[in-house]
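Read the structure below first, then the notes.
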Amino acid sequence: MQPYLIAPSILSADFARLGDDVAAVLNAGADVVHFDVMDNHYVPNLTMGPMVCQALRNYGITAPIDVHLMVEPVDALVPQFASAGASIITFHPEASRHVDRTLQLIKQHGCQAGLVFNPATPLSYLDYVLDKVDVVLLMSVNPGFGGQKFIPATLDKLAAARRIIDQSSLPIRLEIDGGVNVDNIADIAAAGADMFVAGSAIFNAPDYAQVITQMRQRLAK
Ligand code: DX5
Ligand code: ZN
């Protein structure tokens, strides 16, 4: 297992002062910036695009930016996010007509590539592309909104994904996204996740450092 990574979802940040809020959460001990891109087509919400990613880089954010594309189609946005400073680009396989091609496109543009699985999407999308995947991201809510409740069936799915990754011996990250908080993070880690997205649990708290520290304490036990 690789070291645990905490990735605050900036969907729940203060958009009016985004640079400061992202810097604050990183200073509070976060490892990665989780950047949710919603297009009002693949998911019923609309958020931010490559210009905002570039603005964070221009502001001085140097931490890895984990771009979670909830868009359809996918490919046109890959070069744009790569040149805007994305480190990881993940997408939902149902939203790409040529999953293998999209994975290759992401890597050709110098980013790590990942597939995202909705609660009802089977892991079999990994079958023939595992060697091209750096991150497997399991959604533990239906995508589109922050602040939803963790779907418990995701724990079994995490364990299944962990088995697939371990059998491959590839250094693939297993990321979880949706409803993660201090109370459930230990169970989520025990099921096999090593990268934890948390939006509302961190940004709705008065003290980001306190929540992140509590999460790390739960992970250490
Ligand atoms: C949902 C997004 C998540 C969301 C997580 O579609 O992909 O990243 O912001 O928010 P919380 O942690 O509040 O469930
Ligand atoms: Zn996300």
For 44-55, 175-186, ranked highest to lowest by mean beta-carbon neighbours within 10 Å, the order is 175-186, 44-55
16 Å Cα-Cα reach of residue 221 towards aspartates and glutamates, excluding residues that sit fewer than 8 places from it in its own chain: 183, 187, 194
What is the antiparallel percent of DSSP beta bridges lying wholly in the chain, to the nearest 5? 5
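Under a Cβ-only charge scheme (Lys and Arg +1, Asp and Glu -1), can you give me the dipole magnitude of the range 5-220 about the Cα centre, in debye to the nearest 20? Display every interim value, and only then the final one.
Details: 13 positive and 22 negative charges, 34 e Å.
In debye, rounded to 20, the range 5-220 gives about 160.
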Going by average Cβ density within 10 Å per residue, which order do the peptides 15-24, 61-70 take, highest to lowest? 61-70, 15-24
Residues whose modelled amide H sits under 5 Å from the amide H of residue 148, counting only those 5 or more places away in sequence or on another chain, are 179
With a ≥ b ≥ c the root eigenvalues of the C-alpha gyration tensor of the range 92-153, is it rounded (a/c under 1.5), prolate (a/b larger than b/c) or oblate? prolate
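Using a Förster distance of 41 Å, how high is the FRET efficiency between residue 72 and residue 217, based on the Cβ-Cβ distance and rounded to 0.05?
Details: r = 39 Å, r/R0 = 0.95.
Approximately 0.55, to the nearest 0.05.
Expressed in nm to one decimal, what extension gain is obtained for the pair residue 169 and residue 128 from 0.36 nm per residue of sequence separation less their Cα-Cα distance?
Details: separation 41, 0.36 × 41 = 14.76 nm, distance 1.52 nm.
Between residue 169 and residue 128, full extension yields 13.2 nm more.
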Under the classification rounded if a/c is under 1.5, otherwise prolate if a/b is larger than b/c and oblate if not, where does the range 32-75 fall, given a ≥ b ≥ c as square roots of the Cα gyration tensor eigenvalues? prolate
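Taking square-rooted eigenvalues a ≥ b ≥ c of the alpha carbon gyration tensor, is the range 70-179 rounded, prolate or oblate, where a/c under 1.5 means rounded and, failing that, a/b exceeding b/c means prolate? The partial results should precede the final answer.
Numbers: a/c = 1.80, a/b = 1.25, b/c = 1.44.
Oblate shape, in that a/c is at least 1.5 and b/c is the bigger or equal ratio.
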In deg cm²/dmol and to the nearest 500, what is the mean residue ellipticity at 222 nm of the chain if only DSSP H runs of at least 4 residues count, each as -39500 (n - 2.57), divided by the residue total? -9500 deg cm²/dmol
If you average the C-alpha positions of the range 165-188 and of the range 51-107 separately, how far apart do those two centres end up, in angstrom? 21
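Readers should treat all values here as calculations from the given coordinates under stated rules, not as data from a laboratory. All values reported here derive from a predicted model rather than from experimental measurement. Methodologically, a virtual Cβ is constructed for each residue, glycine included, from the backbone with ideal geometry; neighbour enumeration extends over all protein chains shown.
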